[in-house]
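Let me begin by presenting the structure, written as structure tokens, before commenting on it.
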Amino acid sequence: MTRPRRYGDAGQAFPIYITVMGGLLFLALAYFAVGQATVNRGGAQTAADAAALAAAQDTRKQLADEWVKEVLDPSKWDGIFHGDSPGITPSCWRAQELAQQNDAQVLDCGPDGSLAFTVEVQTDKTMGESVVPITATKRSKAYATAVIEPLCTFSPLAEDAGPDALPVLTCKHARQWDLDPKNLTELPKPQDLFDVHLADR
């Protein structure tokens, strides 16, 4: 004798199935929203790093140019290598340029001491539509600090040095510049005089 099928059990299981699938779909969308936010924050950090480095590199070039201009006056070298020179102009315009190239805007930019720049940026794009409503209007922010590190040192001239003598400039990577004031055709480049790198976070 064949036993009748129990359709009632199948009918009861269907709502549970729908509920479970709905929950899994929501979790998938939530993970997607988290991924969107992570990508957006990564873009913000990239923009902040690039902006801070650009500002520091612009200041490095200015400092190197000032050193070249004052190369015959060693009394001004120390100030230049410590970022203290009246000829230096603000470099945050370069930070804004690089931020825009990375789809972001500079919220704040300024010197962090005499040989560093700190920049805060915000992404132009939001995190995107998702099951988390705030992501539709939320923009990521990030900050970075770039450091300008002097690479060269020099010793004071000996007392018997001539009036036109220049100190020997000793730079990292075992490079020495024995400068001849009458033949200054080969001078250190900005990257020989200063390194630019991101500060540790």
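Structure values in brief
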quantity	calculated
Residue tally, condition part of a loop (DSSP other than H, G, I, E, B) and either without any contact (Cβ under 8 Å) to a residue 24 or more places away in the chain or surrounded by 12 or more Cβ atoms within 10 Å (Cβ to Cβ) (or both), over the stretch 172-190	12
Residue satisfying all of: in the stretch 59-89; under 25 Å from the mean Cα position of the chain (by Cα), in a loop (DSSP other than H, G, I, E, B) and at negative phi; surrounded by the fewest Cβ atoms within 10 Å (Cβ to Cβ) among these	T89
The listed residue being among the β-branched types (V, I, T), at pLDDT below 90 and under 30 Å from D73 (Cβ atoms), out of T153, T185	T185
Residue, surrounded by the most Cβ atoms within 10 Å (Cβ to Cβ), within the stretch 108-124, restricted to residues that are of a type in the set (A, V, I, L, M) and more than 22 Å from G79 (Cα to Cα)	V121
Residues of the stretch 41-63 satisfying the condition of being touching a Phe, Trp or Tyr at 6+ places or on another chain (Cβ under 7 Å) and of a type in the set (G, A, S)	A48, A52, A55, A56
Flag for L72 being under 30 Å from H197 (Cα atoms) and modelled with pLDDT under 95	yes
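The values are calculated or read from the model by the stated rules, or taken from the named source; none is laboratory data. Keep in mind that this is a model prediction, so the values were computed, not measured. Positions of Cβ are generated from backbone atoms using ideal geometry, with glycine treated the same way; all protein chains shown enter the neighbour counts.
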